[in-house]
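Here's the structure we're looking at; comments come further down.
The values are calculated or read from the model by the stated rules, or taken from the named source; none is laboratory data. The shown structure was predicted, so the numbers you read here are calculated from the model rather than taken from an experiment. A quick note on method: Cβ atoms are made from the backbone with ideal geometry, for glycine too, and the neighbour counts reach across all protein chains shown. Remember, those area values only see protein heavy atoms, side chains included, never the ligands or the DNA or RNA. Shrake-Rupley method; radii C 1.70, N 1.55, O 1.52, S 1.80 Å.
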Amino acid sequence: MKDALTRTLVRLLIVPVVAALAVLTAGAPGAHAATDLSAVAQALRERPVYVDPEARDILSESDAEALANKIENADKPVLVTVLPAGYPTENLFRNLRTETGVTGLYGIRLGDRFDARADSSVLSRQGVQNLVTAAQGAGDAKAQLNDFVDDALRNTGGSAPSSWSGGSDGVPVGGLITVGTLLVAGGAGAYAVSRRNRRRTMEHAAEQRAALEKLRVVVDEDITAFGEELDRLDFHPGEPGADDAMRADYERALDSYEQSKRLMDAAGRPEDVRAVTQAVEDGRFALAQLDARRAGRSLPERRPPCFFDPRHGPSVADALWAPPGGTEREVPVCAADRTRLADGHDPAVREVDTDRGRRPYWEAGPAYGPWAGGYFGGGLLPGLLVGTVLGGMMADPSYAADYGSGYGDFGGYTGGDVSGADFDSGDFGGGFGGGDFGDGGFGGGDFGGGF
């Protein structure tokens with residue numbers, strides 16, 4: 001409780017003091033850009049939104065408060081700064097990042113201009129550029145910053161710095177306010193933080209359940225199709241010509257079938273589905289071996305399943321294919337789809353239900369990453385999905401936090417940690433530029449350009 005009280009008091013006292021210091025350092029009339037950057041950084045370490053006293057006409061205090069609450073509730077390292085026109089722009093992002101020391105995504109509205117930068121561990125340069133481009137199409141500052149934040153919260157990796165919930169140690173609290181006020185304020189602050197955390201946990205759990213239920217339909221179809229393959233094979237361990245190798249293949253297939261059903265019944269989150277589809281794939285390969293032994297053919301090579309629909313069974317070759325508007329890549333294909341592609345026809349694609357109707361699974365939601373990961377493990381998946389909607393989701397830094405990792409080199413993520421000046425300055429290089437900003441054209445997150 002003592003720590004909670006201290007953290008609450010720190011916020012109540014320091015943030016107004018920082019704002020007051022910013023006013024005092026604003027300089028002479030007309031010198032709108034005189035607020036010291038260290039004061040801006042201090043405020044951002046306490047809350048995710050800072051509005052310069054000279055920029056209150058750009059974003060009101062109530063709008064800034066609502067924006068800050070939205071970011072804090074989402075627990076993402078997104079920092080927004082509103083500065084007056086004329087504020088010095090040379091190395092603005094880099095210097096602000098150094099002064100703040102927080103790994104995250106930084107958006108700055110300067111007068112009527114807007115741009116952003118981010119640590120690459122939180123969001124890629126292309127991701128930043130896309131966010132900025134989208135935000136620039138919004139209306140006034142309130143609409144623009146809310147659009148930017150809404151998009152950022154869906155795409156940014158990591159979590160908010162602990163200082164946004166307090167966390168400063170060694171601050172003298174005695175004599176600042178009465179004990180009674182301290183207790184009330186501390187209790188209210190602790191309750192608000194606890195309620196926010198509970199709400200965030202509940203919302204995340206609900207999203208996970210909804211994703212799993214949507215995914216369950218597809219996985220159940222896979223398990224059913226696998227069971228039908230077992231029936232069609234019509235193998236009997238005691239049939240004439242059956243040997244121990246055939247019986248072992250059949251036993252592995254049956255075990256995989258039963259395991260997939262047990263795992264799916266026990267699944268509590270989308271990430272758990274990976275083990276289910278991996279079991280199904282193991283069973284299908286055992287069936288392929290059994291079928292080859294019965295027919296007197298050479299045993300099949302262990303290959304990944306058909307990319308277009310894993311229910312087609314193990315692939316027989318790799319074929320060139322490109323998603324609409326995407327780059328060409330080699331994908332594993334079954335014999336039937338290899339023939340279709342060679343004849344210039346579309347492959348038989350696995351489609352699933354989405355908000356836009358039936359779509360190929362690689363154009364569906366992020367929960368299909370674990371589903372595909374069970375079929376295409378061993379680092380194969382990133383190359384197959386590059387340039388697709390699902391591949392883009394899995395490449396996002398925040399994906400592993402929600403749907404698990406281990407599907408190949410999609411990259412990890414960090415964010416919200418206090419790394420001080422130890423960061424890649426190239427992520428924040430240049431000045432403030434873009435569009436009609438001058439100085440080399442709009443960068444929109446293109447860290448190589450100048451402002």
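A few remarks follow.
- Unmet criterion (only one of (1) within 25 Å of the chain's Cα centre (by Cα); (2) over 18 Å from residue 147 (Cβ atoms)) for residue 99: (1)
- In the range 365-392, the residues that are more than 22 Å from residue 216 (Cβ to Cβ) and without any contact (Cβ under 8 Å) to a residue 40 or more places away in the chain reach residues that are open to solvent by 10 Å² or more (accessible area, probe 1.4 Å) and aliphatic (A, V, I, L, M) with C-beta atoms within less than 9 angstrom, at least six apart or across chains, in these pairs: 382/395; 392/386.
- Within the range 289-318, the set of residues being part of a strand (DSSP E or B) and surrounded by fewer than 20 Cβ atoms within 10 Å (Cβ to Cβ) comprises 317, 318.
- Per-region count, the range 329-351, residues open to solvent by less than 30 Å² (accessible area, probe 1.4 Å), farther than 24 Å from residue 230 by Cα and β-branched (Val, Ile, Thr): 1
- Residue 326 vs. criteria out of contact with any Cys (no Cβ under 6 Å at 6 or more places or on another chain) and surrounded by fewer than 16 Cβ atoms within 10 Å (Cβ to Cβ): yes
- Criterion (out of contact with any His (no Cβ under 7 Å at 6 or more places or on another chain) and at pLDDT below 60) met by exactly one of 245, 253, 205, 190: 190
- Checked against the criteria, residue 399 counts as under 22 Å from residue 119 (Cβ atoms) and modelled with pLDDT of 75 or more.
- Selection of first residues in the range 346-358 that are β-branched (Val, Ile, Thr) and of second residues that are open to solvent by less than 90 Å² (accessible area, probe 1.4 Å) and in a strand (DSSP E or B), restricted to Cβ pairs under 7 Å at least 6 apart or on distinct chains, gives the following pairs, ordered by first then second residue: 349/360; 352/359.
- Flag if residue 300 is at pLDDT below 95, closer than 27 Å to residue 242 by Cα and not basic (Lys, Arg): yes
- Of the criteria (1) free of Cβ contacts under 8 Å to residues at least 12 places away in the same chain; (2) charged (D, E, K, R); (3) touching a Lys or Arg at 6+ places or on another chain (Cβ under 9 Å), which one residue 140 fails: (3)
- Of everything listed in (1) farther than 19 Å from residue 407 by Cα; (2) touching a residue at least 40 places away in the same chain (Cβ under 8 Å), the single unmet condition for residue 275 is (1).
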